[in-house]
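Visitor: Got a structure for you, questions after.
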Amino acid sequence: MTAISADKNRKRLGESEGFVPQRLPVAAVKVPAGAMAAMNTSGYMTNAGATSSLKIIGVNQVMADNSGGSAGDISSERVERGTYLFANSTSTDEITAADIGAWCYAVDNNTVAKTDNTGARPKAGKIVGVESSGVWVEVG
């Protein structure tokens, strides 16, 4: 699958399990609504991706476009924790029903995988379900 660059109405299982209780400074990037969000080592919110130092914090709910600014020029509106449907990886990293209950790892802001790719990917969350349209992951 590929990362999203435009807002996406991400499916959520049940109610939100809460939100990050503060507005977070955003890196010099665009984090679309529906994107899996992470904190980088400098303390800025960014898109989740295959960078092991990122810490996944939830799903961004309102687009944060700081692509034309400097890190910290804007803050996030709302990042929520909960169980969300993400795209599944492929090949040997594809998640199956046998993986329910295990950790999965962020490939990009829209895709999760079975492995951390030898330590290259951060933990995205716990796998709670798998279906043909993707993987249900408890994030945040």
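Visitor: At R0 = 25 Å, how high is the FRET efficiency between Thr118 and Asp73 if r is their beta carbon distance? Nearest 0.05 is fine.
Guide: Values: r = 35 Å, r/R0 = 1.40.
The value I calculate is 0.10.
Visitor: Top mean-square fluctuation among Gly119, Gly58, Gly49, Gaussian network model of the chain, C-alpha springs under 10 Å?
Guide: Largest GNM mean-square fluctuation: Gly119.
Visitor: Taking the simple approach of a point 7 Å from Cα along Cα-to-Cβ for both Thr90 and Lys126, what is their distance in nm?
Guide: About 3.1 nm separates the two model spin labels.
Visitor: Express the carbon and sulfur contribution to the solvent-accessible surface of segment 70-121 as a percent, rounded to the nearest whole number, probe 1.4 angstrom. Walk me through the numbers on the way to the answer.
Guide: Numbers: 1050 of 2310 Å².
The value for segment 70-121 is 45 percent carbon and sulfur by accessible area.
Visitor: I would also like to ask the following. Taking the solvent-accessible surface of protein heavy atoms with a 1.4 Å probe, what is the per residue accessible area of the chain in Å²? Provide the component values of the computation, followed by the final result.
Guide: On the way: 6720 Å² over 140 residues.
Roughly 48 Å² per residue, with all protein chains present.
Visitor: Let me ask something additional. Would you mind telling me which residue in Asn40, Asn117, Asn60 has the biggest mean-square fluctuation in a Gaussian network model of the chain, where springs connect alpha carbons within a distance under 10 angstrom?
Guide: Among Asn40, Asn117, Asn60, the largest mean-square fluctuation in the Gaussian network model of the chain belongs to Asn117.
Visitor: Describe numerically, in nm with one decimal, the distance between label points set 7 Å from Cα along Cα→Cβ at Ala97 and at Val29.
Guide: 3.5
The values are calculated or read from the model by the stated rules, or taken from the named source; none is laboratory data. These numbers come from a predicted model, not from an experiment. Backbone-built Cβ (ideal geometry, glycine too); neighbour counts: all protein chains shown. Accessible surface is based on the protein model in full, side chains and every heavy atom, while ligands, DNA and RNA are left aside. Shrake-Rupley method; radii C 1.70, N 1.55, O 1.52, S 1.80 Å.
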